[in-house]
1. If you take every DSSP beta bridge whose two residues both sit in the chain, what share of them, in percent to the nearest 5, is antiparallel?
2. Taking Cα atoms, how many degrees apart are the long axis of helix 179-191 and the longest axis of the chain, rounded to 10 and kept between 0 and 90?
3. Can you tally the net charge around ALA340? Count Lys and Arg as +1, Asp and Glu as -1, for every other residue whose Cβ sits under 11 Å from the Cβ of ALA340.
4. Tell me, what is the FRET efficiency for LYS213 and SER154 to the nearest 0.05, using R0 = 22 angstrom and their Cβ-Cβ distance as r?
5. Based on the Cβ-Cβ distance from ALA190 to LEU272, what FRET efficiency comes out when R0 is 22 Å, to the nearest 0.05?
6. How much of the DSSP beta bridge set in segment 197-351 is antiparallel, as a percent to the nearest 5?
7. Would you list, by chain and number, the lysines whose Cα falls below 17 Å from the Cα of LYS257, excluding same-chain residues fewer than 8 positions away?
8. Going highest first, how would you order 357-365, 130-138 by mean Cβ packing within 10 Å?
Amino acid sequence: MKDCAQPLQHIEHGIPPVFDERSEVLVLGTMPSPKSREVAFFYGHPQNRFWRVLAALFDEPVPEDNAERADLLLRHHIALWDVLESCDIRGASDASIANARPNDLSRVLGKAPVRRVFCTGTAAGRYYGKLCEAASGLPAEVLPSPSPANAAWSLPRLVEAYRSVAEAVTPFTPPVLEVPQVVALEQAIAEAGTPLDALMRRAGRFLAFEARKALEGVEGAGEIVILCGNGNNGGDGWVAGEYLDRWGIPVRVVTAKAPEELTAEPARAAALQAAASLGERSQVVLAPSNAEVTALLDGAPLAIDALLGTGFAHDTVKAPFDGWIRVLNVAHDQGTLVVAADVPSGLSAQTGRAAKDAVRADLTVTMIVPKPGFAAKDGAAHCGRVVVAPIAYIEPLV
């Protein structure tokens, strides 16, 4: 009723398409909603389920900003735009559209190897068939609208309906890179527009996402214990703690140094933000003894190892982390699930050689690409299952 009371308004699209020379499918809406025009990106209304559907299809966290949304699309070879360049419309009502003019889809189709076209809703499908299909030469598959107004379609039903999009693209398999190559790649990612602090936010959120998945089906799940080191691997752990707490899962963040005493950036900033945001059910535990860490881990369903990162290449681990690792391995043997951030602490990501004290993980969530040490020497025995967190669009860079 609210839209019906509004006058028709002439709208020019104004949002450029997201695509590159690797895009294999083109997904088209009708016209950006008022909220999408406000945030200058597609499906910008917080209740629209488009981004939740794509995240579920590819088993990754829901993107939080426009840069992450574009990154998700490009990583999965999806081009995104709308059918109409301009029209007269009342609010967000596709039914009210008049004087519709199409976008020039050759802008995308002339540069990208698009094989299939999908339209998100009947209006988009209708206008595509009427105004675009003859020129494009590609028929469109019409998908249900992800709009919250389409309440008949639950999120699980939408995910299944959109599965044909995921099946139409070629998955990218990240290459195994040497540790110095990973450092160079992170620099290239920063130069391409995603700085290290943004990568850390994405890494920590993906770590939390995998930890929450690992807890599914665990009865009586209590607090997650997160062991954080003093460097940027620890920063990933702090961010993971922030997200888990936000999602209603209490955490115990164990750290040898208070956030304000950390010197590595962006780990220090991440730790300060996380510590300030934790709710009453969560806690920061500063410089505990081995016995205190043992007590924290007693009965914990899951622990996250974020002590030492890919730069570790020694025979021994310094205190207090050596003792914490021994305690963690005992808890692991007693049934606590252990998730390692990037690499199990004490394992060389380059050579696969384990130090005297090295974490034995059930799951390693490694960032961006796999490392050679995971499959060499002691790697397999310490990493458990390895999941690569695709926190940046690297295909053009490798």
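The values are calculated or read from the model by the stated rules, or taken from the named source; none is laboratory data. Not measured: the values here are computed from a predicted model. Because the Cβ atoms are built from the backbone with ideal geometry, glycine has one as well, and the counts that use them run over all protein chains shown. The accessibility values were calculated without ligands, DNA or RNA, using every heavy atom of the protein model including side chains. Shrake-Rupley method; radii C 1.70, N 1.55, O 1.52, S 1.80 Å.
1. Numbers: 10 of 48 bridges.
Within the chain, antiparallel bridges account for around 20 percent of the total.
2. It is inclined by approximately 40 degrees.
3. Working: positive: ARG360, ARG385; negative: GLU210, ASP236, ASP305, ASP342, ASP362.
Value of the local net charge: -3.
4. On the way: r = 20 Å, r/R0 = 0.92.
Computed FRET efficiency for LYS213 and SER154 comes out at 0.60.
5. Values: r = 21 Å, r/R0 = 0.97.
With R0 = 22 Å, the Cβ-Cβ based efficiency is 0.55.
6. Values: 0 of 17 bridges.
Taking every DSSP beta bridge within segment 197-351, about 0 percent pair in antiparallel fashion.
7. LYS318
8. On the way: 357-365: 23.7, 130-138: 14.0.
Output ranking for 357-365, 130-138: 357-365, 130-138.
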